[in-house]
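Structure first, then comments.
The values are calculated or read from the model by the stated rules, or taken from the named source; none is laboratory data. Quick caveat: nothing in here was measured; it's all calculated off a predicted structure. When we count neighbours, we look across all protein chains shown, and the Cβ atoms used for this are built from the backbone with ideal geometry, even at glycine.
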Amino acid sequence: MTGNQKTGLDRLVMHMAASAGMPTLFNPYADTDPAVDVPDAASIRCRNLRRYLHAFAGRDGIDLWLGEAPSRFGARRTGVPFTGEGRLVDLSSRLAIAPFEIATTADASAAPPSGTSRQIWDALPERLPLFWNAVMHHPHRTGIPVRNRTPSRSEITRSRDTLALLVEAIRPRRILAIGRVAEGASEGFGVPVTYVRHPAQGGAAKFQAGAAAFRSEGS
């Protein structure tokens, strides 16, 4: 890992931890929900994210798989995109890094994976891509903090500086945009973008076909 790249990735995590949440936008890296989280959950999620990003530092030819936003059972709880608590051990093993911290929420053992993350994990190549989201805060409905919603256009725009920091630090060779939100967010960075259908709401078959084509093009 180069010193400059490590500094850039650490700056990215600090930037995310300093970003303010909103009434319907939960920042997993700064906010805690006493009804769900252990007291130091935000710090744990920051450490998990830092460990995850450092696993990619110094690697060439990284593919970035970009989604919309954290789900209530994914990065909202663990800090790692597309990765619920039940996937953390598998992820650290496949990346050959020290284990992630799991106990961020009171009901960690009972939390199911999201349907989207299951589809994404089923489509992964042997050489793992880097997971990220157009919005790294968890968008939820008013008064229902663990209910997912699609991020708004203004939320995506405000999150663009975070995505820019990631692209600058990692320098991916190409981006797989999972859904139209991700496709729009990934434009303008000078990185080739491939759109695939989001697997939610009946799109699983088209997503799997698109992801398979993307994998074959990069082999």
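Overview of results
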quantity	calculated
Residues (crowded, with 16+ Cβ neighbours inside 10 Å and over 16 Å from the mean Cα position of the chain (by Cα)) located in the range 156-170	158
Residue within the range 132-152 that is at pLDDT 85 or above and over 17 Å from the mean Cα position of the chain (by Cα) present	yes
Residue check for residue 68: of a type in the set (D, E, K, R), surrounded by 18 or more Cβ atoms within 10 Å (Cβ to Cβ) and closer than 22 Å to residue 160 by Cα	yes
Residue among 60, 37, 31 that is among the acidic types (Asp, Glu), buried (at least 18 other Cβ atoms within 10 Å of the Cβ) and modelled with pLDDT of 90 or more	31
Pick from the range 71-99, criterion at pLDDT 95 or above, within 16 Å of residue 120 (Cβ to Cβ) and hydrophobic (A, V, I, L, M, F, W, C), ranking: surrounded by the most Cβ atoms within 10 Å (Cβ to Cβ)	80
Test result for residue 102, over 15 Å from the mean Cα position of the chain (by Cα) and at pLDDT 95 or above	no
Residue pairs meeting the criteria (Cβ under 6 Å; at least 6 apart or on separate chains; first within 16 Å of residue 131 (Cβ to Cβ) and in contact (Cβ under 8 Å) with a residue 24 or more places away in the chain, in the range 183-211; second basic (Lys, Arg) and surrounded by fewer than 20 Cβ atoms within 10 Å (Cβ to Cβ))	207/197
